[in-house]
Each structure stands twice: as structure tokens, then as C-alpha cells.
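Some notes on the structure that comes next.
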Amino acid sequence: MSDKSSNYEADRHSSTYNPRYNLYPHPLSGRHAGITPSYRDRSHRDFSLTVREVSNWTKKCQNRKTFAGWVQNAHKRDYDRFRSNLLAWGAEDIQFAWDELSIYRDYVEKRQAKGCCIEPAIDAVWKADGIITEEIRKGLLEAVATLENVPDEEKNWRPDSDGRVLDLVDPSLWPVIYGTTLDKKGRLIEVPQNAFDIPFCFRHMGVTEIHPSINDEKDLKRGYSDRFCWLPSEFKVSRDGKATKINSYINNLSSPEQQRIFYPIIENIFTALIPMFELALADLARGRCYMARAHGCNKMSRERDAKGPMANMAIPKTNYFRKSKEILGQFQNNEEITTQYADSAVEVCYNHHRCRRKKLACEKICHKRAIVFLQNGEPPLDPKDMWQPPVVSRAQRLAGRNLKVVVKFTTIHLAPGGFSYQPTNNWPLEPMLVIIS
């Protein structure tokens, strides 16, 4: 989905996104694309999301005993996943996770009180169970069946999917072909002049300033075709945002019968999703997809980034789980947390095999042992890095706008017995320059 009016006022409270660049950034492009989250950041994200997937989590997470049990289970699960790369959760981490969940809970409960089922998932992603009525869902399944029930030779199975992924409506099958496709007036559609000229490319979207990550023509051309272009459809949203009208045909759904069957259903679904699109735009505007809860080292830079006297200290696994239980017990009873991992900390030796071979009196612990690294060498957690609800500005409201929307339908066939589909090829990044999905 794209819109010609991309100007907006960015969130002034964002600490990681410059509000003067009025372009919605794609999370997988630009200067942040290759940044690996720290272990600490990843563990906080995983824990928060896991808790918020629990049924009735807004009620359960207010109980300190229940919360402590979740943390304990997360400790065991993370140890099985990361082993020697695990970092210990201390009092600071537990309090941070507790406080952030309170922010999530207050926001979700306020929305639920208004009859809204939309909730935040991972950063800059929103979810909603039941946002589509059962009547619309059944109508969609019946309509999609007309696309599935065609001769086998007409089915568009996705390559390398082993006959499980069927593309029903794929804009790539009938795209605009520059130099071949005709417009409404019978003229050939050519690559727009200066299409890859940076000022022109963004000016046609109403953007007056360019994101600093897009700094040369070579970067802009990378991954973009000068032969093909998807053909979007025009969706007109009513002034009150409670209705949508498709004003042009949908590519691959253009026959009169298909328009009669599909268009009312797609219009209703899109209308229901408008609040989620607006929240996603608000998150992108403030750079939420780039924000980190914890700033520290990752696997490739542990020794380089971890500073301080405790940077290379660890605690044996058995001592870690024992002390963790004590810390959680104090938290559960709302007591001051006095237990410290540092009491059982041992310096880590990364060349322990050499020490043993040379029979050196090394009092350190081998980095390959069952140990858990301490957080002491990492920057402290800052409450400002906690998740905060986005504020949808007027520029991010879709009511009353003409939108360009690309429609896709894909069905995944899963065999009985719990089999899942795991893509074997790389994930494609499709029209990411102006697409918000």
C-alpha cells in the first residue's frame, strides 16, 4: 500500500530516528539493515512476545508469582537455545521486563475497553484476532475456492515449495512491462525519465527530504527493476474511514464475475485493517523498528564491546539457576533484591586448553563449560528504551485518501499430522521502496 502524501510529523520523543526525514523507512533497508540485536535485547524481545502470546495475559501478568514462573521458564529455555552464549538476567532485567509489560497491559486494556482487538506484536508489527467477522471469513473462503478449483495446468505452484504453496493472485504474473504495456490512452508505458534520480524518485511521493541511508544512485537502483513494475489498484477510503471502494480493477481479478464476488469482500477486509495500517505507519514514522531495549555486545563482538571489570565474568550453570531462583523469590515477595550473581562469578578463560596443556595454575573457568555470562560489562537498561504506544498523527490517517494497493492471494496446503511449511529459498523483498504492508 502506498500513498502520494507521505509527509508527516515524526514522533518527537523518538531517540533513534531523526524527525526531519519525512520518509517511512523499510525495516530491512538502510543503515540499520545489518545490525544484529544484542543478546540482552533479543532475550527481552523474546520474553515479552512470549508472555503476550499467552491467553488472557493482561490479567495473568499482574501476578508476581506467575510472572516469576515465566521468567524461570524463559531462563531454562534460553539456556537450551544459547548455551555458552547466554547472559544472566539480574534484578535490573526482571524489573525492566515487569515495567514494560505494565505499559503493554495498560495500552491493550484501554483498547479492549473500547471494543478494539488490535494488539502490538513484535516491534512495528500489529496483530488482531477476530478483526474479520465470521461472515466475511466464510465469504472469502468460498470466493478463494473458485480460484483453487481450476485445472492443474493452470495452477501457479510456487517453486521449491514441494506442491504446498499455491499463488492464486500474483501481481508478478501480469506486471507492467516497460515498452510493451499500454496505458488507458493506448500509449506505451516506459521507464519514467529520471526514475532512478534520487530527488525525482522521492519527489513524486510528496517527499521533500531524503532518508540519509539512501545516499547515491547505485544504492537506489539495487534490487529495483527497469523492466517490470507491479500494477496497483486504487482504493478510495471514505472520509470517516469506515468504508472502502475499489475504483479500478485488481490485476488478475478483473473479470465481471470476479469483481462481483471478490471486490465487496476485499473492500470490507481492507476497511477492517485500516487502523492496523495506521499504527504501522506511526511506528515506522518514529523508527520503532530500529529501536533497541538493550545496547551491548553480540556474538561477534563480545570481547570488543563488553567493558568494565566484570565484562569477562561468568557463573557456573548450577549456581546460576540457584541464585536465579533466589532473585525471583525476592521479586515475587516484593522484597528488595539483594542476591547477586557476582558472589559466585569466575573469570572466563578463552584459552583454557592451552593452560591445561602447559599445566598452568589457571584459576579461571573455561568458556566452553556450562556457564552463564554476567551482564555487568554491558550498558545499563534505560526506561526510555521501553516500548511506548505510537501516536497516530493526522498525516498517518488513511480516511478520505486514495490509496494504491497491491492485492495478493496465496494458500499454503499443510498435510494432516502437524506438518509445517518451511521455505527453502530466500525471502524476497518485494517493492519495498513505497510499500507499507
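Those helices (runs of 4 or more DSSP H) of the stretch 247-346 in which at least 3 residues are closer than 30 Å to W89 by Cα and modelled with pLDDT under 90, considering only elements entirely within it, cover 302-305, 317-332. Flag not set for E119, criterion: within 23 Å of L279 (Cα to Cα) and touching a His at 6+ places or on another chain (Cβ under 9 Å). Test T50 against the criterion of being surrounded by 16 or more Cβ atoms within 10 Å (Cβ to Cβ), among the hydroxyl-bearing types (S, T, Y) and closer than 25 Å to A280 by Cα, and give yes or no. Considered against the rule, which asks whether it is surrounded by 16 or more Cβ atoms within 10 Å (Cβ to Cβ), among the hydroxyl-bearing types (S, T, Y) and closer than 25 Å to A280 by Cα, T50 comes out as no. Selection over the stretch 40-84 of residues that are touching a helix residue (DSSP H, G or I) at 6+ places or on another chain (Cβ under 8 Å), part of a loop (DSSP other than H, G, I, E, B) and hydroxyl-bearing (S, T, Y) gives a count of 0. The requirement of being over 19 Å from I412 (Cβ atoms), of a type in the set (K, R) and either touching a residue at least 40 places away in the same chain (Cβ under 8 Å) or not in a loop (DSSP other than H, G, I, E, B) (or both) is fulfilled somewhere in the stretch 111-119, by at least one residue. Evaluating L101 against the criteria (1) at pLDDT 95 or above; (2) under 20 Å from K325 (Cα atoms); (3) within 22 Å of the chain's Cα centre (by Cα) leaves one unmet condition, (2). Pairing each residue of the stretch 168-185 that is assigned to a loop (DSSP other than H, G, I, E, B) with any residue that is surrounded by 16 or more Cβ atoms within 10 Å (Cβ to Cβ) and aliphatic (A, V, I, L, M), provided the two are 6+ apart or on different chains, yields C-beta distances under 7 Å for P171/L231; P171/V406; P175/L231. Residues in the stretch 65-117 that are among the aliphatic types (A, V, I, L, M) and under 16 Å from K317 (Cβ atoms): A74, L86, L87, A88.
Here is the figure for the stretch 216-246: residues that are surrounded by fewer than 19 Cβ atoms within 10 Å (Cβ to Cβ) and modelled with pLDDT under 90 total 15. Contact map, the stretch 145-160: first residue in a helix (DSSP H, G or I), second residue among the aliphatic types (A, V, I, L, M), Cβ cut-off under 8 Å, separation 6 or more or different chains; pairs are T146/I261; L147/L168; L147/V169; E148/L166; E148/L168. Scanning the stretch 85-105 for residues that are over 18 Å from E336 (Cβ atoms), in a helix (DSSP H, G or I) and in contact (Cβ under 8 Å) with a residue 60 or more places away in the chain gives N85, E100, I103, Y104.
Residue-wise test of (1) more than 23 Å from the chain's Cα centre (by Cα); (2) at pLDDT below 95.
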| residue | (1), (2) |
| --- | --- |
| H44 | no, yes |
| R52 | no, no |
| S55 | no, yes |
| T58 | no, no |
| N63 | yes, no |
| F82 | no, yes |
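Each row is one residue, and each column tells you yes or no for (1) surrounded by fewer than 16 Cβ atoms within 10 Å (Cβ to Cβ); (2) touching a residue at least 40 places away in the same chain (Cβ under 8 Å); (3) farther than 30 Å from I118 by Cα; (4) under 30 Å from the mean Cα position of the chain (by Cα).
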site	(1), (2), (3), (4)
F331	no, yes, yes, no
E335	yes, no, yes, no
D343	yes, no, yes, no
H353	yes, no, yes, no
E378	no, yes, yes, yes
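The values are calculated or read from the model by the stated rules, or taken from the named source; none is laboratory data. None of the values given here were measured: they were computed from a predicted structure. Counting neighbours? That spans all protein chains shown, and the Cβs are built from the backbone with ideal geometry, glycine included.
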